[in-house]
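These notes are about the structure you will find just below.
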Amino acid sequence: MSRLLLETIRCQDGQLDNLHYHQERLMRSRRELLGLQGGIRLEDIHLPGEARQGLFKCRVIYAEKIETVEFLPYLFRPVNSLKLVDCGQLSYSYKFTDRKAIEKLFRLRGRADDVLFLRRGLLTDTSYANIALFDGEKWFTPARPLLAGTRRAALIEAGLLLPDHIHASDLPHFRELRLINAMSRLEDERTVPLNHIFS
């Protein structure tokens, strides 16, 4: 069996968020990894009654076909501190269900809530989110993340987020860091204080 892939989709009051970008990534992953075209339409996902009110995480596990779809009530996990961790040659350009390599590095966080990965001296992602950094005027995001998230893609296309090469030494030049992913929008203000990012 092929390695299983995953899409995590925000479902708010019965509405699947950012679906175009999830569909785009799903199609690209299946094409590049499996040589497959079409065949899966995320808009055809059946919404259970309980997911029509409140915030849910929709997990779609797939490869050649959809293996499972589940809707889970969602609560944000607080992240108030990050530890900078070099991720070496770690490659995670496709969203696989297998996260063992990331989980191994996550255990290096010490007393911090999460890790912030460095690759060749440049900031990338935390273990679960892309990052957005505000300099007082504009929002920036690492140009080469480990995983190019769907939320990040939508914000870049809208001109609200600018990709750039950001070194750890650049952090003092910013005023704010926010975590963004399929579940966390920029406006959700999931902020990590910059003085809570440790080497």
GNM result for the chain, Cα springs below 10 Å: residue of His165, His173, His22 fluctuating most strongly: His173
Vicinal HN-Hα couplings computed from phi for the stretch 41-54 (Karplus, 6.51 cos²θ - 1.76 cosθ + 1.60; Hz; Gly/Pro x): 10, 5, 5, 8, 4, 7, 8, x, x, 5, 8, 8, 9, x
Amide H partners (placed H, <5 Å) of Leu146, local residues excluded: Asp125
Rh by Kirkwood over Cα pairs, then Stokes-Einstein D for the chain at 0.890 mPa s and 25 °C, µm²/s: 139 µm²/s
Neighbourhood charge, 11 Å Cβ-Cβ cut-off, centred on Leu42 and excluding it, Lys, Arg +1 and Asp, Glu -1: -2
25 Å Cα-Cα reach of Lys138 towards lysines, excluding residues that sit fewer than 8 places from it in its own chain: Lys83
Estimated dipole of the stretch 62-199 in Debye, rounded to 20 [Cβ of Lys and Arg +1, of Asp and Glu -1, Cα centre]: 400 debye
Vicinal HN-Hα couplings computed from phi for the stretch 186-198 (Karplus, 6.51 cos²θ - 1.76 cosθ + 1.60; Hz; Gly/Pro x): 4, 6, 6, 6, 7, 9, 10, x, 5, 7, 10, 10, 10
Stretch in the chain that is longest and holds no GluC sites (Glu not before Pro) that DSSP places in a loop and that have at most 12 other beta carbons within 10 Å: 65-136
Phi to ³J(HN,Hα) by Karplus 6.51 cos²θ - 1.76 cosθ + 1.60 over the stretch 165-182, Hz, x for Gly, Pro: 7, 10, 8, 4, 5, 7, 3, x, 7, 9, 9, 7, 10, 10, 9, 10, 7, 4
Amide proton proximity set for Lys83, modelled H, under 5 Å, gap of 5+: Asp114, Val115, Leu116, Phe198
Computed over the stretch 82-198, Cα set: Rg, Dmax in Å: 13.1, 38
Net charge of Cβ neighbours under 15 Å - reference Ser127; Lys, Arg +1; Asp, Glu -1: +4
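Only the coordinates and a few stated rules stand behind these numbers; no lab work does. For clarity, every value in this text was computed on a predicted model and none was experimentally measured. Note that we place each Cβ from the backbone using ideal geometry, even for glycine, and neighbour counts take in every protein chain shown.
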